[in-house]
Amino acid sequence: MNILVQNFDPSLANTDFFKSGNILLSQSPPNNMSSMLEEALHNKCDTIVALLRPQTGELKNWSKRLGKHVTVSYHIGTSDFDANFINHEIKLQSPTASGLAYCLQEIERKRSRELLSRMNTDRDSIDRVIIIGCGIVNLITAFLLQSRGYKVVLFDAAPSPTAKWWQQGCTFGGEDARMFTLTEMDNYGRQDFQAAFNSPFGQRVSEGGWDIRNSRTCEEEALWKQQYDSIPSWLARSYNDDIFALNNEARFGWDALRQHKVFSDPQVFIKDNILRLYSSEQHLHEAWQRHARLLTDVRLLDARRLVDTVPWVAPAVRSGLVVGGFFVPGFTVMVHKLGRRIISWLTEHGAQFVWNSEVKAAGVSSTVVKIATNHESHIFRDAHIVASVGAYGNELLRHTPWSAKIHGVLGCWARVELPRDICDVSMKLARRGHIAEDTNITVVRGDRGNTELVFGSGYGWTGRTPGNINSSEFRCLTDGVVDTVTKFFGNKGSPPLKDDGGPFRLRYCVRPWTSTSLGIFGDVDHTSRNAFLVTGGHNTGGFAQAPATAEAVYCALRGRNHSMHIAYHPDRYESFFG
């Protein structure tokens, strides 16, 4: 798709909208539509964005000479849609950079729906599902499917859900704490139309970036970073809106799940509502304004009001770590306990678990599903496959069209035991420009029923290989997390970090990440009755969006559309940029 944009606002030339190569700023004189359409033909553009709507005859002639249907967006004019040569007519709400951004978002979404909305409606007679990976996303998917009559078999590479943390994937390998808010998993790409963008993947952790790789010579990783860097601000904003829409859907999914006995244990769902904290006044006010557009009654708390409301943050305020904050809807979960409860329920209701079995390859034919693990091969007749393998499944993904999509980003965890129950709400702390830039501070219960705080923070890009970690860069990351813990308690009197017996200073896990910052939802062969669905890549939002992912899987198996099928299609970026 090539788009020609009339230069109706001088500020357009200073945006990043035209760096991709398929969106062009017109060089034609203003108000000379015939010249602009000739320019569109010369550049093989099938879409134009202009101040005035061209005459219908001009559009018909453009389409005929181009040899395809066309799309037109305009600020002034009346629609005269003709399906014989027009794909879409889109209103340009304002002739500004913001108006153009919104217009491009609409064009991209319509393009994605046209090219990617393929649905197989002949799958609902198959009631067995093979699930690869026993992380929280797949466990909730299995719970929903089994609740609705499916028979499920789950494979996982870990010895068991109670094995040592360094033998586990992200769910059981990370700490026993997860958080839901409506702005989880937000897009980390550029979102300012004109500001310079410093890619976090372009610098090492010690230099203020996210690159923690030991080996940095992989060409596929360079291409992955290049795609991340190429996403323009208007598209990053669009992706962000889609992420937040799915978060909102997931909120209702969580509300429904929490009515079930498996999810209603107060020892699992620990705290409702989240306190967002900020280390700079500018970031605080930017974030508050952003949340105030999404939510009602978001009350800004400066440092004094914050201490009056939640006295136990006073040491963090005195140390200069926190300048203010506000409360947002959300909750926190002890995810290990939740995962084990789901596993117990699934087992009691007939699910089969195959532990210590890393799936190396999987495939479907007209009637047969084949699963090859590190130990043996399994054959199932008339079954579906759902694979959510996190950052550890690149070998399996080589057998799909999306082998290079998911990379790993490492995060660290620190746990401290509090001397008494002084903290009664979980928090998100933002330290812009710090190594530990974003920290989830989750209230959990210790083994003795005591209150503990779990600090989860840090970003370390490992590339395609989760173990590709430079030890010096890892120490920089852990030092940043420890610095946050120390300053949170006012530099003095910080409780000692708990030692969980692991081989490293702090526990860590490697989260799945994509270059678009979107999750992945792919149907390997939409023509097959036996579905092979790939989900994952949710960066920091896999847990948060798990109910929405489960619903999207169910819809795909029943031949129904779901917004995630398009929003997280692995080929969405390529379908627009080629």
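Can you grab the distance from the C-alpha centre of region 372-393 to the C-alpha centre of region 261-293, Å, no decimals?
The two parts, judged by their Cα centres, are 37 Å apart.
Using the reciprocal of the averaged 1/r over all distinct C-alpha pairs, how large is the Kirkwood radius of region 311-401 in Å? Could you put the intermediate results ahead of the total?
Numbers: mean 1/r = 0.0564 Å⁻¹.
About 17.7 Å for region 311-401.
Could you tally the net charge around residue 126, taking each other residue with its Cβ under 9 Å from the Cβ of residue 126, Lys/Arg +1 and Asp/Glu -1?
Numbers: positive: 123, 128, 529; negative: 124, 127, 382.
After counting each charged neighbour, the total is 0.
Compute the accessible area per residue over region 52-91, keeping the other protein chains in place, probe 1.4 Å, unit Å². List each step's numbers first, then the result.
Details: 2250 Å² over 40 residues.
For region 52-91, the per-residue accessible area is 56 Å².
With the Cα gyration tensor of region 1-80 giving a ≥ b ≥ c as the square roots of its eigenvalues, does the rule (a/c under 1.5 for rounded; else a/b larger than b/c for prolate; else oblate) give rounded, prolate or oblate?
Details: a/c = 1.84, a/b = 1.31, b/c = 1.41.
Oblate is the answer for region 1-80, as a/c is 1.5 or above yet b/c matches or exceeds a/b.
Sort 529, 304 by heavy-atom solvent-accessible area, probe 1.4 angstrom, most to least. Walk me through the numbers on the way to the answer.
Numbers: 529 75, 304 145 Å².
The ordering from most to least exposed comes out as 304, 529.
Taking the full set of protein chains and a 1.4 angstrom probe, give the accessible area of residue 19 in square angstrom, rounded to the nearest 10.
150 Å²
Over every pair of different alpha-carbon atoms in region 362-520, take the mean of 1/r and invert it; report that Kirkwood radius in Å.
On the way: mean 1/r = 0.0544 Å⁻¹.
After inverting the mean inverse Cα-Cα distance, the result is 18.4 Å.
At 0.36 nm per residue, minus the direct Cα-Cα distance, what do residue 300 and residue 214 gain on full extension? Give it in nm, one decimal, please. Intermediate values should be presented prior to the final figure.
Numbers: separation 86, 0.36 × 86 = 30.96 nm, distance 4.23 nm.
Contour length minus the Cα-Cα distance gives 26.7 nm.
So in the chain, what percent of DSSP beta bridges are antiparallel if you round to the nearest 5? Don't skip to the end; give the middle numbers.
On the way: 56 of 94 bridges.
The answer is about 60 percent antiparallel.
Treat each spin label as a single point 7 Å out from the Cα along the C-beta direction, and report the residue 7 to residue 121 distance in nm.
With each label point 7 Å from Cα toward Cβ, the separation is 5.0 nm.
Using a 1.4 Å probe on the protein chains only, how many percent of the accessible area of the chain belongs to carbon and sulfur? Mind showing how you got there, number by number?
On the way: 11010 of 23540 Å².
The value for the chain is 47 percent carbon and sulfur by accessible area.
Restricting to Cα pairs below 8 Å that are 6+ residues apart, what does the relative contact order work out to for region 68-198? Please round to a whole percent. Walk me through the intermediate numbers first.
Values: 101 pairs, mean separation 17.7, N = 131.
Dividing the mean separation by the residue count of region 68-198 yields 13 percent.
Can you compute the modelled spin-label distance between residue 361 and residue 114, with each label point 7 Å from Cα toward Cβ, in nm?
3.9 nm
Using the structure shown, list the pairs from 164/498; 151/370; 271/337; 405/428; 261/337 with a Cα-Cα distance above 19 Å, or answer none.
Details: 164/498 16 Å; 151/370 17 Å; 271/337 15 Å; 405/428 28 Å; 261/337 13 Å.
Checking Cα-Cα distances, 405/428 exceed 19 Å.
Distance from the Cα centre of region 1-61 to that of region 178-212, in angstrom?
32 Å
7 Å from Cα along Cα→Cβ at both residue 344 and residue 395: what's the point-to-point distance in nm?
3.3 nm
Would the chain count as rounded, prolate or oblate if I go by the C-alpha gyration tensor, calling it rounded below 1.5 in a/c and otherwise prolate when a/b exceeds b/c, oblate otherwise? Display every interim value, and only then the final one.
On the way: a/c = 1.93, a/b = 1.30, b/c = 1.49.
Taking the square roots of the gyration eigenvalues as a ≥ b ≥ c, the chain is oblate.
Sort the following peptides by mean Cβ neighbour count (other Cβ atoms within 10 Å, averaged over residues), highest first: 291-303, 552-564, 130-142. Intermediate values should be presented prior to the final figure.
On the way: 291-303: 13.5, 552-564: 19.2, 130-142: 27.4.
Order by mean packing, descending: 130-142, 552-564, 291-303.
Using r as the Cβ-Cβ distance of residue 84 and residue 285, and R0 as 60 Å, what FRET efficiency do you calculate, to the nearest 0.05?
0.70
Over region 251-381, give the accessible area per residue in Å² for a 1.4 Å probe, as an integer. Please list the in-between numbers first.
Working: 6670 Å² over 131 residues.
Result: 51 Å² of accessible area for each residue.
Can you give me the C-alpha center-to-center distance between region 428-458 and region 133-173, rounded to a whole angstrom?
Rounded to whole Å, the Cα centres lie 24 Å apart.
Given a cut-off of under 8 Å on Cα pairs at least six residues apart, what relative contact order in percent is computed for the chain?
On the way: 1208 pairs, mean separation 114.0, N = 578.
Relative contact order of the chain: 20 percent.
Can you give the extra length, in nm with one decimal, that the chain gains between residue 420 and residue 192 once fully stretched, where that is 0.36 nm per residue apart less the Cα-Cα distance?
Additional length available on full extension: 77.7 nm.
Among 321-331, 26-36, how do they line up by average Cβ neighbours within 10 Å per residue, starting with the highest? Don't skip to the end; give the middle numbers.
Numbers: 321-331: 20.9, 26-36: 15.2.
So the peptides 321-331, 26-36, ranked by packing, come out 321-331, 26-36.
Where Lys and Arg each count +1 and Asp and Glu each count -1, what net charge lies around residue 336 among other residues with Cβ under 11 Å from its Cβ? Working shown, then result.
Details: positive: 178, 337, 340, 341; negative: 175, 176.
Around residue 336, the charge tally is +2.
The values are calculated or read from the model by the stated rules, or taken from the named source; none is laboratory data. Computed from a predicted model, the values in this text were never measured in an experiment. Backbone-built Cβ (ideal geometry, glycine too); neighbour counts: all protein chains shown. Side chains are part of the model used for accessible areas, which takes the heavy atoms of the whole protein and leaves out ligands, DNA and RNA. Shrake-Rupley method; radii C 1.70, N 1.55, O 1.52, S 1.80 Å.
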